[in-house]
Amino acid sequence: MSEDYSVVSEGKVVVFHYTLTDDEGEVVETSKDRGQPLPYLHGAGKIVPGLEEAMEGKTVGDTFDVEVSPEKGYGEKSGPGPQPVDRSEFPDEVDLYEGMGFTAETEDGNHLPLWISSIEGDDIYVDQNHPLAGETLYFDVEIIDVRDATDEEIAHGHAHGVDGQQGH
Ligand code: ZN
């Protein structure tokens, strides 16, 4: 086994704990709330680009802070901003909440990612911007594990859980 087997590089599954803080120092989310670190397939674009770049070459036990600009995070804000859509346009059985992401199909068949920015009665305001678009992101990271991705994970382009056994 080569010495760099546990270094983050393409084709590795990285398992990490993180806390994400915004410009105001507010914690946006933390993996520690879930009590479980997050696995991802490195090089597959499953985490924001600025964080993925900072992971490269790190190893198990490393802890570090990363500041990610909007362009390496969730992008700059663009488009017309939140637009109201009537509640009846959404399936009845789906619970809607602020910050919820979903995909809409456009008339020409493209899939457009959208987020619910606010809910005012039957007016559901949707925005093409991710809730963290335009924000500088501050990640506090601890790397828990780095392992080779399984053939199945490589084929699917995503991690199958911490141990690679949670296939789907
Ligand atoms: Zn899969």
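Data table
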| item | result |
| --- | --- |
| Any chance Ala155 is under 21 Å from the mean Cα position of the chain (by Cα), more than 26 Å from Gly35 (Cβ to Cβ), within 16 Å of the ligand (Cβ to nearest atom) and not in a strand (DSSP E or B) | yes |
| Check on Asp86, modelled with pLDDT of 95 or more and either more than 26 Å from Asp23 (Cβ to Cβ) or under 17 Å from the mean Cα position of the chain (by Cα) (or both) | yes |
| Breaking point among (1) touching a helix residue (DSSP H, G or I) at 6+ places or on another chain (Cβ under 8 Å); (2) surrounded by fewer than 16 Cβ atoms within 10 Å (Cβ to Cβ), for Ile124 | (2) |
| Listing of strands (runs of 3 or more DSSP E) fully contained in region 1-65 that carry 3 or more residues being at pLDDT 95 or above and crowded, with 18+ Cβ neighbours inside 10 Å | 12-21, 38-41 |
| Selected residue (criterion: farthest from Ser69 (Cα to Cα)) from residues of region 110-140 that are among the small types (Gly, Ala, Ser) and not in a strand (DSSP E or B) | Gly121 |
| Positions within region 158-168 being surrounded by 13 or more Cβ atoms within 10 Å (Cβ to Cβ), within 11 Å of the ligand (Cβ to nearest atom) and either over 16 Å from the mean Cα position of the chain (by Cα) or among the charged types (D, E, K, R) (or both), in sequence order | Gly164 |
| Residue selected from region 132-152 under the condition under 29 Å from Glu98 (Cα atoms) and out of contact with any strand residue (DSSP E or B) (no Cβ under 6 Å at 6 or more places or on another chain), by the criterion nearest to the ligand (Cβ to nearest atom) | Leu132 |
| Residue that is out of contact with any helix residue (DSSP H, G or I) (no Cβ under 8 Å at 6 or more places or on another chain), on the phi < 0 side of the Ramachandran plot and among the basic types (Lys, Arg), where the choices are Lys72, Lys12 | Lys12 |
| Thr106, sole failed condition from (1) in contact with a Leu (Cβ under 7 Å, 6 or more places away or on another chain); (2) among the β-branched types (Val, Ile, Thr); (3) within 28 Å of Leu20 (Cα to Cα) | (3) |
| Contacts under 9 angstrom Cβ, first residue in region 141-168 being farther than 30 Å from Val27 by Cα, partner within 10 Å of the ligand (Cβ to nearest atom) and assigned to a strand (DSSP E or B), 6 or more apart | Ala149/Leu41; Glu153/Leu41; Ile154/Leu41; His156/Leu41 |
| Single condition Met100 does not satisfy, out of (1) surrounded by 13 or more Cβ atoms within 10 Å (Cβ to Cβ); (2) more than 18 Å from Val28 (Cα to Cα); (3) free of Cβ contacts under 8 Å to residues at least 40 places away in the same chain | (2) |
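The values are calculated or read from the model by the stated rules, or taken from the named source; none is laboratory data. Source: prediction; values computed, not measured. Neighbour counts are summed over all protein chains in view; Cβ atoms, including those assigned to glycine, are modelled from backbone coordinates with ideal geometry.
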